[in-house]
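A short reminder: the numbers here are calculations on the coordinates, not readings from a lab. Everything quoted here is computed from the prediction, not taken from an experiment. So basically every Cβ, Gly included, is an ideal-geometry build from the backbone, and we count neighbours across all protein chains shown.
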Amino acid sequence: MDLTPRTSETSRKPRRWLPIVLLSLVGLGGIVIVTQFLTSAIDYYCNVDEIGVRSGCKESTRLRVQGTVEQGSLQKTGGKTSFVMSFNNKSINVVYAGDPGGVFQECISVVAHGRMIDGTFESNRIEVKHSNEYAEKNADRLNSSGSAACSQAQG
Amino acid sequence: MSQVLQRTSATGTRATKVIGALAILVMVWVVVSGLILTPQDVVQGESVRIMYVHVPSAWIAYLAFIFTAVASASWLISKKHSMGFDRFAGASAEVGVMFMAITLITGSLWGRLTWGEFWQWDPRLTTTAFLFVTYVGYLAVRRLEGSAEQRARRSAVVAMLAVLEIPLVHFSVVLWRSLHQGATVLNPNGDVKMDDLMLFTLFSGVVAFTLVFVWLVLHRQRTMLLVDIANRQGLDAAIAARKTEGSVR
């Protein structure tokens, strides 16, 4: 009987690196998400009535401000969109350089990114914050009460 | 062993065929109702139709991850450490990750149409991304080197920790200020403000996706069983060959 030890090359399985690399990347991704994004995510916006009042909502810094576009305040002139945004009986004038597009309209909640300059909020990004209500589009209601969001808000 | 392999070489049964057929039927209804019968939303217009895929896929992903945790706990607790629990946990997590990916993709498309952005690092989106990454990590852990028992033990611990993220994701819109809207169906007030046909189609989507989930998990865990059997068979064959080799010499 041949009792010569077998060479290790024939029995050794190659190490499976792919799961280890994938796991390392996942760990790295998790750390990046937690350290870079979760902190800013927790306080995503300040409400209109909190500007200059709440911690982290200083007028001098770049802000994300949430409020409702007041009915009848929306104007589009010279490539700019201006409107009044209100929340809890406080209002600010907002000027956005461009057309927000999408479902942006009066009576809808929005988050505007920008800075307070001379009492006006100059925004370079508008995000529509959709409510958790879903209703059928009704042409008659739209004709009688203006924009879609206002008709939904009025019931 | 080869007899076992032959007996179980197909992953389908009469039950899975029935489940598959039902899944197709309900899915056809969801497609017809979601794309044709349901009305446009008063604010979102046509983009509301994404909801019939986005919301059910998110719920089924949660369900899949909860099943993974329950199966993992069952494996840890049971004295026999039945590998069936481990295979079910792995299969459920794989399908859950797929549904979570669908949730993220459809959510991004909806976000572009409604918010004007594909992605924002708001609380709901950030925690969802974190949940997705965690379960991709779970699947990577399952593929690390080691015996089947080591795989089961490691992944069970990860699964039981990872499932704790689900309440964080779901309640992120309540706990923190989020761009993502609050829950419509599972809202704390219980007052569902949604058109009746929209709501019915949404629940039909949940039923359809649940059937797809069950069908996929049953097939996947049987495929895993076949792989385990084949691996064991390969080991047995190697031992037998070595014994034969020894006796000849």
Test set (1) surrounded by fewer than 20 Cβ atoms within 10 Å (Cβ to Cβ); (2) facing another protein chain (nearest Cβ under 9 Å); (3) not basic (Lys, Arg) - residue B:150 fails condition number:
(2)
Restricting the search to the range B:165-200, which residues are assigned to a helix (DSSP H, G or I) and more than 10 Å from chain A (Cβ to nearest Cβ)?
B:165, B:166, B:167, B:168, B:169, B:170, B:174, B:200
Residue tally, condition part of a strand (DSSP E or B), crowded, with 21+ Cβ neighbours inside 10 Å and within 9 Å of chain B (Cβ to nearest Cβ), over the range A:121-133
3
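Name the residues in the range A:40-73 that are hydroxyl-bearing (Ser, Thr, Tyr) and part of a loop (DSSP other than H, G, I, E, B), would you?
If the condition is that a residue be hydroxyl-bearing (Ser, Thr, Tyr) and part of a loop (DSSP other than H, G, I, E, B), then A:44, A:45, A:55, A:60, A:61, A:73 are the ones that fit.
Would you mention how many residues in the range B:76-120 are of a type in the set (Lys, Arg) and within 14 Å of chain A (Cβ to nearest Cβ)? Working first, answer last.
We begin by selecting, within the range B:76-120, every residue of a type in the set (Lys, Arg); these are B:79-80, B:87, B:112.
Applying the additional criterion that residues be within 14 Å of chain A (Cβ to nearest Cβ) yields B:112.
Total satisfying the criteria: 1.
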What number of residues within the range B:223-249 satisfy the criterion of being in contact (Cβ under 8 Å) with a residue 40 or more places away in the chain, surrounded by fewer than 18 Cβ atoms within 10 Å (Cβ to Cβ) and not polar (S, T, N, Q)?
6
Out of the range B:117-151, which residues are within 22 Å of residue A:129 (Cβ to Cβ), outside any helix (DSSP H, G or I) and of a type outside the set (A, V, I, L, M, F, W, C)?
B:117, B:120, B:122
Subset tally (residues that are more than 9 Å from every other protein chain (Cβ to nearest Cβ) and touching a residue at least 60 places away in the same chain (Cβ under 8 Å)) for the range A:92-120:
1
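Return yes when residue B:162 is buried (at least 19 other Cβ atoms within 10 Å of the Cβ) and more than 9 Å from chain A (Cβ to nearest Cβ) and no when it is not. Walk me through how you get there before you give the answer.
On the way: buried (at least 19 other Cβ atoms within 10 Å of the Cβ): yes; more than 9 Å from chain A (Cβ to nearest Cβ): yes.
Yes.
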